[in-house]
Structures are given as C-alpha cells and as structure tokens.
1. Order of 390-398, 298-306 by packing, highest average Cβ count within 10 Å first?
2. Taking the alpha-carbon set of segment 1-116, what are its Rg and Dmax in Å?
3. Please give the helix 542-553 orientation as an angle from the longest Cα principal axis of the chain, in degrees from 0 to 90, rounded to the nearest 10.
4. Determine the equivalent ellipsoid of segment 264-305 by diagonalising the alpha-carbon gyration tensor, then write out the semi-axes as square roots of 5 times the eigenvalues, largest first, rounded to whole Å.
5. Return 313, 367, 460 ranked ascending by Cβ neighbour count within 10 Å, so the fewest neighbours appear first.
6. Over all directions, average the projected area of the Cα convex hull of segment 73-136 and note it in nm².
7. When a/c reaches 1.5 or more, the comparison of a/b and b/c decides; with that in mind, is segment 357-419 rounded, prolate or oblate per its Cα gyration tensor?
8. Kirkwood hydrodynamic radius for segment 427-517: how many Å is it when counted over pairs of different Cα atoms?
C-alpha cells in the first residue's frame, strides 16, 4: 500500500467512525447512513438556509435557492390542485437542461409524486415506449419534447405542461403563478418511491429503475464523503471550504447529474447550465462565472483540455475536473495533473442508474498515482467480487462486481424477471461489471457483455482501449469483439486520430503489442475521422459499432 493510499484509507475510515458525519448502521440490506436527510423533500427544505445565494445560472437568467424553493412549492400546489395528482402518481419530465427542469422535479418531491425524467435525446417512438411503461398522469416538457410526446398524450388523455413553447395549445408553466403558494402537506416515508429513471438501453429496451427517497438520500451523502476525504487528504480544513460553482455538462436526466447537483444543494453551491456541449462555450462560461468544478463524461473533459491547450487558457479559478458516466482513459488524470501543475484535482467516479449515481470514487493524489483504479466505496456501500457461485473472491482475482447498501434501487418497473436476475441473496446487486479488489480499491476490468473471449482467452476491452488512449496521436478509441469461425471471437478496434496524425494501423498495433499479450492486440483496426457514436450518457454505442464492423468484415 503506497503512502497516498494509506493516508486516504486512514482519512476515510475516520470519517465513518461512530459519531463522525458519515457513520453508518447495519440493516438486512446493507449499510445505511445514520445521519442526513431521510427524504428528498428534507433536502429541498434544507436549501432555504442558503436564501439568496445563486443556485442555477442559465442563459435565461438566475435562480436563487429561495426563488427555486418558492417556485417548486407553488408548482407542487398546482400539481395537486390544478391537475388533481395524488401521492404516488407519476410526473414525466422531458426537457433539456433548463432551470424549469429542476423546478418540475423538486415540485414532484414536495407533492409526494414520483418524478420520471426521460432522455431528452429520445425520439417519439423511444419516448412512447417509456410513457407506456410508466403511465404518467402529467408530462412537463419543453417545445421539442412536447412535439415528440404530444400524440401519445392526446391518445391517452394526459395533459402536457410546457416550457418555452408558446402557441403550442398546451398549458404553459410560464403562465402559472410560481410564488406565494405553499406546498401541499403529504405524508412521506423514506421507503416511498421517489423516481423512475430509465437505463440507457445500450443492450436492449430501456428498463425503468425504481428508487426510493432513502436510496436517493444516500446519493446526497456519498459525494460529500468523497469531497471531505479529498480536502483532508490534501491537508485542507473542512470548516474553511467554500461552496463550489459547477459547470453542469451532464444532462439532468442522467444519474450523474444528481451526484453533481445534490452536493450543491446541501452546501449552497451554484450550477452553471449549458444549452448544448461546446468546448469553446464551456471555456467562456468557466471564465465568466469563475467556475471551480467541471463535471462531465471523459469525452467532454478531454475536449475541454484540447480547447484549453489550443487557446492557452490558464483557467485560474478551476480547482477540479470530475468525470463519470463512462470509463475514463488512465491518461486523463495524468494529463490534468501535467496541464495544471497539480493545481487542479482530477476525480473519477463509478456509479449506475441502479445505484443512484456515484458510489465509488478515486480522487486526489491517489487518482494520479493509480488511474486504473476507480477507488474506494462510499460508507453506505458494500462491495463483493463474486465468483461463479456468488462466493467472495480474494484480492486480485477477477469476478463480477456486486454491491449492496442504501443507494441500491428497488427494482425494475413492470419487469419482475429482470429484477430477480439483478439481485442475489442478501440484497446484493449484480452490476454486470468485471472487477477485482486490491487493498480496498476497486479495479473495473470490463463489462461482462463487452469482454471478448478469443480462443478461450479473456480480452478486456477497457484494458486495450486504455493502451490505445496512451498513444499521443489517438483522440478516441473503442474495442469490441467480432465473430471468428475458429477462435469464436477476435479483437477489433475503431480509432479516431488527432488532426495531423501520421500513425497508421500497423503503428497502432505495434503500440498495443509492446504493452499487452499478443492475443489482446486488435486483429482489425479501423481508422476514422468522424466521432464515435455515443448515447446521451456519453457511452459508446458498442452494439451498433460491432454490427458495423461485422458487416464490413463480411463483405
């Protein structure tokens, strides 16, 4: 165990001791935090203490914490009175990152309703699939999403409440009074359902992930635990930490956005919103609003660094770049450290829709030292590396990553078969990720479905991708398995090169061969100039990529 890891482990242990802020208690389904909010309504009401501090900054204006709470309370009143919604009813929220998204979501929590954020990138058939599954009593949508859901809403008699959609013929949120109305009184318990979030659907139809208030309240404390550990490991004082200003690049419907927003609400921080990702625009917003923290998928972080390098932007106020939502190339942490001479902290998190966001994180000096690790788990999360029979494997052995504890979801909506398959005895959630443990740290090896079995040898796509990313002329890369008549599968890679690159396929294969065993070297390497297709959560759509490569090879 290195000094950096030993120091971090000692600090994290102290933060979870009896009487400490992140103390846990044991339950039949794993650890639960002893302190903290018990419902999301508690979290929102606590934000009143931040008063006139800015909460949301967007092109359309600013909202203070007090203004946001007042608007959410008034909309909660309208949900109940104007639309006749009752506790447990579902409200769909389908819009881009507008301040009204946050108002609509938190109004649902105040009214005892179930918020159902839908993917703002989905087209009408995809939205209709989720709408059929969740059966909402109200849809809150911006103009584009109102157009895509309008036919479904009309066919099912579900009202549409629109944002930025004048002349649509539907109710307009802008015309509702959003001040001076108290939220309705409702009985709300930690075990009540708070949300249904849909998975990204990279391996089939999206599944509706049902989560309780108690699970989401763990998501309030998990990132705060990691932040406290980061401050202390750097020699800081928790009593002197200022509220952060975060550039929010995650779409609000993505679970990683909750991991970013909840700490801001708890500490009085500010979220700066973007209409659409653009690296140059992001640099301008960071400078204009003195952003201290950038959050996003690794692809956006890399794009930000490229843009900053090309324009020689010093970004003096930036203190952290935190990534999640997809596997981060190991070189990212080192690049951030070099770019800013260690001034900007690199942080990487691991979480799923089913875990209510980030539950494991690597941070500070340890992340730069060991970027292959995703770090150590939050206190309310237990980790098991499970063998074929579900038994815990010793350090260093690869198995499936199982998790349990407070932030784990309840099940998949209307899908008891998938729910049963997702859980093992004792409440353990099967993540579908291959991993191993070393000194309390988790190392993700690959997705079970992404692993290539070549002639009986396991090839972990993430490992090969990491080596490709280490090449200075590689901008992006994806590795998949393609059918082979004798070996079963063989390794294929699609690589996007940086502008002006002169490396060729043989050069890339040689680069991998110098670092990995021969059976892991991609047999097929395809170079392209266009970006790799990603879903709205930043993950490469490997199913489509595999089909494309297979079709090319069969010609």
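1. Working: 390-398: 12.9, 298-306: 20.9.
With the highest mean Cβ count within 10 Å placed first, the list reads 298-306, 390-398.
2. Both quantities, over Cα of segment 1-116: 19.0, 60 Å.
3. The angle comes out near 40 degrees.
4. 19, 12, 9
5. Working: 313 17, 367 27, 460 20.
Going from least to most buried by this count: 313, 460, 367.
6. Numbers: hull surface 16.7 nm².
If you wrap the Cα atoms of segment 73-136 in a convex hull and average its projections, you get 4.2 nm².
7. oblate
8. On the way: mean 1/r = 0.0684 Å⁻¹.
Taking every pair of different Cα atoms in segment 427-517, averaging 1/r and inverting gives 14.6 Å.
We did not get these values from a lab; they are worked out from the coordinates using the rules stated. In this text, all values refer to a predicted model and were calculated from it rather than measured experimentally. Ideal geometry is used to build each Cβ from the backbone, glycine not excepted, and the neighbour counts take in all protein chains shown.
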